[in-house]
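Report on the following structure.
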Amino acid sequence: MGDSFDEGYPGDGEAPVHDVVLDPFRIDTTAVTNRQFSAFVEATGYRTESERYGSSAVFHLVLRAPPEDVLGAASGTPWWLNVRSADWAHPAGRGSHWSDIPDHPVVQVSHHDALAYCRWSGRRLPTEAEWEYAARGGLARNRYPWGNDLLKKDGTHLCNIWQGVFPTSNTEEDGYLATAPVKTFPPNGFGLYEASGNVWEWCADWFLPKYYRNSPKLNPQGPTIGAGRVMRGGSYLCHDSYCNRYRVAARSSNTPESSTGNCGFRTVSAA
């Protein structure tokens, strides 16, 4: 695990590179989709945290809601808008609906929401170590799930990230402004799709930047406390100029009750 290229943000704690041994596990080939999450909601009547709070974070260029629904912008990141009635079923605001994009990853789900889905499905969230092992697809110390180069030699895009000038102009060279349907880009060596870009994915672990310095070698579960829960994989908003966290080693976090238009999850179970 860890950053073999010394490219990570110092505060993210991607070092030192270290060996980890894991018990066998099974992992979803894709992030959980809107269609799958809707089945959970229909079966249980579950209401996500963004539904209970009444609003959630939407990227400004994908907003589909009347101006009066915009409650404000995030301090320091004004491209994130707090939008009334934005939730998993209306990911870009009340003018959007999950049924228009059923095979896209579900977003606007908190860590708590992801755990609720896991309880219903009889699965769990991956540990950070499991996520990184699976995302690497059998390639040791590579930058991405497919190798070390971002693009194919012919210029073909291999993941859904930002092209252009962030956060005002996306050329959409990869075909997408926001989320792409799962299985849009080629899988890695283990058959996982979109392990880089598209949406951040919640992991089970608490996040501490210094954790790698003394994490156990066998089945690390993360620290017992932290500033938030680990997120992995980057999203459609990642760009070298702002957030190069679509690398396999990259780490980030958010508070467990938070939900945004670029974060989802995939699940695991014992082998």
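The values are calculated or read from the model by the stated rules, or taken from the named source; none is laboratory data. Nothing here was measured: the structure is a model prediction, and the numbers come from that model. Neighbour counts are summed over all protein chains in view; Cβ atoms, including those assigned to glycine, are modelled from backbone coordinates with ideal geometry. Note: areas computed on protein heavy atoms with side chains; ligands, DNA, RNA excluded. Shrake-Rupley method; radii C 1.70, N 1.55, O 1.52, S 1.80 Å.
For the reader, a short list of remarks on this structure follows.
- Simple rule: put +1 on each Lys or Arg Cβ and -1 on each Asp or Glu Cβ in the chain, find the dipole, and look at Ala249, Tyr9, Pro102; the Cα lying farthest toward the positive end is Ala249.
- Pairs of Cα atoms farther than 22 Å apart, segment 129-271, %: 38
- For the chain, the solvent-accessible area of protein heavy atoms averages 44 Å² per residue (probe radius 1.4 Å; ligands and nucleic acids excluded).
- Cβ-Cβ FRET estimate between Gln221 and Arg52, R0 fixed at 22 Å, reported to 0.05: 0.15
- Relative to the current alpha-carbon distance between Ala271 and Arg35, full extension at 0.36 nm per residue lengthens the span by 82.5 nm.
- Centre-to-centre separation between the Cα atoms of segment 187-240 and those of segment 89-139: 13 Å.
- Maximal additional length on extending the Ala73-Ser99 stretch stands at 6.7 nm, based on 0.36 nm per residue less the C-alpha distance.
- Student exercise, the chain dipole from Lys, Arg, Asp, Glu Cβ charges, in Debye to nearest 20: 480
- Taking a point 7 Å out from the Cα of Glu42 in the direction of its Cβ, the residues of segment 93-118 whose backbone N falls within less than 15 Å of it are 98-103.
- Three-way shape call for segment 1-126 based on the alpha-carbon gyration tensor, with the a/c threshold at 1.5: oblate
- DSSP-defined beta bridges in the chain - what % are antiparallel, rounded to 5: 80
- The chain - percent of accessible surface contributed by carbon and sulfur, probe 1.4 Å: 52
- P(r) histogram, all alpha-carbon pairs of the chain included - 5 Å bins from 0, percent: 1, 6, 13, 18, 20, 18, 13, 8, 3, 0, 0
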